[in-house]
Amino acid sequence: MKVNQSAFPGKARSAAAQCRTFFFCGPDEAGSSAAAAQIHSLLPDPGERIELAGADIKRDPVLLSDEARSSSLFGDSRHIYVRATGEEAHDALKIHLEGEGDACPVLIVATSATDKSRTAKLLANRDDALVAMFYPPDLRSMTGTVRDLADRAGLRLEGDMAERIARASGLDQRLAAAEIEKLSVYLDSAQDRPAAVTRDVWDEIGAKTEEDGFMPIVNVALSGRPGALPAEIARMEATGTNPVTVLLAIERRVAQLSQLAARLGRNNDVSGFVAAEKQARRIFFKEARDIEEQLTTWRGANLDRLVARLTALHRKMLSNSQQAGTLLRHELTHIARVGARGRGRS
């Protein structure tokens, strides 16, 4: 079956009970990953997680089917989690679906794939499979998501708290869910014992806003300011910021730029377009200047190359966590230099 982004929350529970293969795709990697985490939480008996990379199953297409039909060391249940790019999982998934015998659940998060990709078409018409595509949220939709998460956790968000949490989470559903969970534990809330989230509570334990945290380094790199980058990298290291967190923030901003570039099309009036998006509240007013600078550089082939490089960097950082900081510093320097050339800076 195939569901759209808005229908997924209502279908998730029945899909977890009915389906054995799940394909999450679209330009919002954070939304796809959050959906995979939700399905995992709803599986009747998820058991041990076996993680496979898209590059590995592309190189060895039989690997997925073998792992999905193998027993764990102690005979317990298991599930397979695949993080892939584009069509990397196609051949392996085709072999898996043609295999005989019971297989454990397979969850695939496919960056840069769509629900019209060859891989998605293998699953879209099957009753035992789910395909869901996710687009980057705007502030309004993420605010609604935060409210839904809070309702399920027994939290009443006072005033503009839902919007504040959405902004502080960088429009990332995973980070927003973590903040809601932290608030729920702190206030000992549940649906049968609701608690109110006030500004005082948020100021006490909530995340810093991205403006106070890691967004400066994101903007310095993507806006093409290599001269300012060393100071931001030093600040990142001094505050102990996780490099993967910074990478996720960059990926979210680039996903937003991709969505905006698609709407902008061949229109060269970037300034006018960003002003209209800000007026429609699809862009937060404090971010408009940075986004206008970045959208001027990161369009068309430049943007496609940036997405490909970030995808490769994500894979490298996850497989080599000890060198994550070094890998990120190198890539940020490259991005800033390309951005500077794109904006005519030295």
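Looking across A312, A261, A308, A324, one residue alone is under 24 Å from G86 (Cβ atoms) and in contact with a Gly (Cβ under 8 Å, 6 or more places away or on another chain). It is A261.
Mind telling me which of the residues R140, R174 ends up being open to solvent by 10 Å² or more (accessible area, probe 1.4 Å) and either more than 24 Å from T111 (Cβ to Cβ) or not basic (K, R) (or both)? Working first, answer last.
Details: R174 fails: either more than 24 Å from T111 (Cβ to Cβ) or not basic (K, R) (or both).
One residue alone meets the criteria, R140.
Of the residues making up region 275-289, those that are at pLDDT 85 or above, of a type in the set (G, A, S) and open to solvent by 30 Å² or more (accessible area, probe 1.4 Å) are A275, A276.
A search for C-beta distances below 8 Å between a residue of region 1-24 that is in contact (Cβ under 8 Å) with a residue 12 or more places away in the chain and under 15 Å from A113 (Cα atoms) and any residue that is among the hydroxyl-bearing types (S, T, Y) and open to solvent by 80 Å² or more (accessible area, probe 1.4 Å), counting only pairs 6+ apart in sequence or on different chains, returns Q5/Y135.
Within region 212-232, is there a residue that is within 27 Å of S184 (Cβ to Cβ), surrounded by 17 or more Cβ atoms within 10 Å (Cβ to Cβ) and at pLDDT below 75?
Restricting attention to region 212-232, the residues satisfying the condition of being within 27 Å of S184 (Cβ to Cβ) are 212-215.
Then drop every residue that is not surrounded by 17 or more Cβ atoms within 10 Å (Cβ to Cβ), which leaves 213-215.
Narrowing the set further to residues that are at pLDDT below 75 leaves 213-214.
Yes; the residues of region 212-232 include at least one that is within 27 Å of S184 (Cβ to Cβ), surrounded by 17 or more Cβ atoms within 10 Å (Cβ to Cβ) and at pLDDT below 75.
Within the bounds of region 163-184, is there any residue that is among the charged types (D, E, K, R), without any contact (Cβ under 8 Å) to a residue 24 or more places away in the chain, out of contact with any Pro (no Cβ under 6 Å at 6 or more places or on another chain) and over 21 Å from F214 (Cα atoms)? Among the residues of region 163-184, not one is among the charged types (D, E, K, R), without any contact (Cβ under 8 Å) to a residue 24 or more places away in the chain, out of contact with any Pro (no Cβ under 6 Å at 6 or more places or on another chain) and over 21 Å from F214 (Cα atoms), which makes the answer no.
I'd like the full set of residues that are farther than 14 Å from R83 by Cβ, of a type outside the set (A, V, I, L, M, F, W, C) and in a loop (DSSP other than H, G, I, E, B), limited to region 101-131. Even if it seems obvious, please write down each step before you answer.
Looking only at region 101-131, we keep the residues that are farther than 14 Å from R83 by Cβ, and these are 101-105, 114-118, 120-131.
So of that shortlist, the ones also of a type outside the set (A, V, I, L, M, F, W, C) come out as 101-102, 105, 114-118, 121, 125-128.
Selection gives G101, D102, P105, T114, D115, K116, S117, N125, R126, D127, D128.
Restricting region 233-243 to residues that are assigned to a helix (DSSP H, G or I) and open to solvent by 40 Å² or more (accessible area, probe 1.4 Å) leaves a set whose member that is modelled with the highest pLDDT is A234. Checked against (1) outside any loop (DSSP other than H, G, I, E, B); (2) without any contact (Cβ under 8 Å) to a residue 60 or more places away in the chain; (3) more than 30 Å from L93 (Cα to Cα), D148 passes all but a single condition, namely (2).
Going residue by residue through region 164-172, is there one that turns out to be of a type in the set (A, V, I, L, M, F, W, C) and not in a helix (DSSP H, G or I)? Steps first, answer last, please.
Initially, region 164-172 is screened for residues of a type in the set (A, V, I, L, M, F, W, C), giving 165-166, 168, 171.
Of the ones still in play, those that are also not in a helix (DSSP H, G or I) are 171.
Yes; the residues of region 164-172 include at least one that is of a type in the set (A, V, I, L, M, F, W, C) and not in a helix (DSSP H, G or I).
The values are calculated or read from the model by the stated rules, or taken from the named source; none is laboratory data. This structure is a prediction, so every number in the text was calculated from the model and none was measured. Glycine also receives a Cβ, built like all others from the backbone with ideal geometry; neighbour counts cover every protein chain displayed. Protein only, heavy atoms only, side chains kept; ligands, DNA and RNA dropped before computing areas. Shrake-Rupley method; radii C 1.70, N 1.55, O 1.52, S 1.80 Å.
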